[in-house]
1. If Leu188 passes every condition in (1) touching a residue at least 60 places away in the same chain (Cβ under 8 Å); (2) out of contact with any Leu (no Cβ under 7 Å at 6 or more places or on another chain) but one, which one does it miss?
2. For the range 178-229, how many residues meet the condition of being within 30 Å of His34 (Cα to Cα), outside any helix (DSSP H, G or I) and among the small types (Gly, Ala, Ser)?
3. Would you be able to say whether some residue in the range 37-48 is over 30 Å from Tyr212 (Cα atoms) and not assigned by TED's automatic domain parsing to the domain that holds Ala215?
4. If I filter the range 197-204 for residues that are modelled with pLDDT under 85 and either of a type outside the set (Val, Ile, Thr) or within 31 Å of the chain's Cα centre (by Cα) (or both), do I get at least one hit?
5. From Ile128, Ile151, which residue is under 17 Å from the mean Cα position of the chain (by Cα), at pLDDT 90 or above and not aromatic (Phe, Trp, Tyr)?
6. Considering only the range 161-184, I want to know if a residue exists there that is closer than 30 Å to Lys64 by Cα, touching an Asp or Glu at 6+ places or on another chain (Cβ under 9 Å) and modelled with pLDDT under 90.
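The values are calculated or read from the model by the stated rules, or taken from the named source; none is laboratory data. Everything quoted here is computed from the prediction, not taken from an experiment. For neighbour counting, all protein chains shown are included, and Cβ atoms are generated from backbone atoms with ideal geometry for every residue, glycine included.
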Amino acid sequence: MARRSIWKGAVTFGMVAIPAKLYSATEDTDISLHQYHKECGSRISMPRYCSTCQKMLTGADITKGYEVGDSYVPLSEADFQSLPLKSVKTIEVVEFVDESQVDLRCYDKPYFLGSDEGGYKAYRLFVIAMADAKLAAVAKLCYRERERLSIVRPYHGVMLLQTLRYAEELKDCFDLKPPEYAISNKELDLAVSLVKAMAVPQFDLTKYHDEYRQALEKLIEAKIAGEVLPVAQETPIPVSDVADALLASLKLAEAKRQ
């Protein structure tokens with residue numbers, strides 16, 4: 001099955017323009033749940049209804065707009081595409097950075113940025129150049145009626161574009177810092193030992209799965225079969241003696257590694 005792009009244009013590195021397409025790099029695996037009327041069991045629909053005309057609407061009847069008083073300014077897809085911005089049709093690289101300088105809170109959704117016909121050589125050149133320089137590109141892109149900041153980096157021979165949040169969208173964490181407490185050398189040594197005991201030489205994402213989704217699937221299957229599943233475990237109670245809990249955790253972690 002051919003991969004379907006969600007954006008088409010060009011990515012520019014200075015005066016170099018590379019025809020490119022954007023593809024989703026992830027897919028949702030959520031279980032789709034719907035709303036039903038308890039009384040009759042009918043599925044609840046979400047109708048598009050105009051209260052003034054008192055009739056149901058289809059997608060063709062609807063336009064986007066900006067509210068102004070009692071009226072609105074209509075905005076069509078052609079209006080969005082005609083905005084005087086380079087980033088409407090172009091992923092514009094504005095600078096290169098060391099990714100360690102990027103705030104981790106910024107990172108949003110990842111996309112594959114693939115080359116289109118006529119740009120393969122330049123595309124491959126910049127994939128290799130960024131990898132050799134150990135730098136990532138900061139770029140601008142208009143997508144879904146918004147100009148998005150993004151990071152473009154090499155990834156297994158292709159470019160991976162990851163959208164970023166703007167500084168004004170980020171919240172600080174200073175009010176969440178716990179009060180200052182005295183920590184003994186014994187507690188610190190035990191905590192460091194526990195961290196090291198639970199460390200792995202290589203992170204393997206494939207060994208992790210959405211256990212909530214799996215449990216939900218089992219619950220649905222059990223309800224279909226008229227069975228009852230065990231109740232979930234309660235939230236652990238915080239321990240009063242941290243050192244004792246650390247020591248017990250350390251012993252458990254070491255036992256698992258044997």
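1. Condition (1) is where Leu188 drops out.
2. So the answer is 1.
3. Scanning the range 37-48, I find at least one residue that is over 30 Å from Tyr212 (Cα atoms) and not assigned by TED's automatic domain parsing to the domain that holds Ala215, so the answer is yes.
4. Of all residues in the range 197-204, those modelled with pLDDT under 85 come to none.
Scanning the range 197-204, I find no residue that is modelled with pLDDT under 85 and either of a type outside the set (Val, Ile, Thr) or within 31 Å of the chain's Cα centre (by Cα) (or both), so the answer is no.
5. On the way: Ile128 fails: under 17 Å from the mean Cα position of the chain (by Cα).
Within the list Ile128, Ile151, the selection yields Ile151.
6. Looking for residues that are closer than 30 Å to Lys64 by Cα, touching an Asp or Glu at 6+ places or on another chain (Cβ under 9 Å) and modelled with pLDDT under 90, one finds none in the range 161-184, hence no.
Yes or no, residue by residue, for (1) β-branched (Val, Ile, Thr); (2) surrounded by 10 or more Cβ atoms within 10 Å (Cβ to Cβ); (3) in contact with a His (Cβ under 8 Å, 6 or more places away or on another chain):
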| site | (1), (2), (3) |
| --- | --- |
| Leu149 | no, yes, no |
| Val152 | yes, yes, no |
| Glu169 | no, yes, no |
| Pro178 | no, no, no |
| Leu194 | no, yes, no |
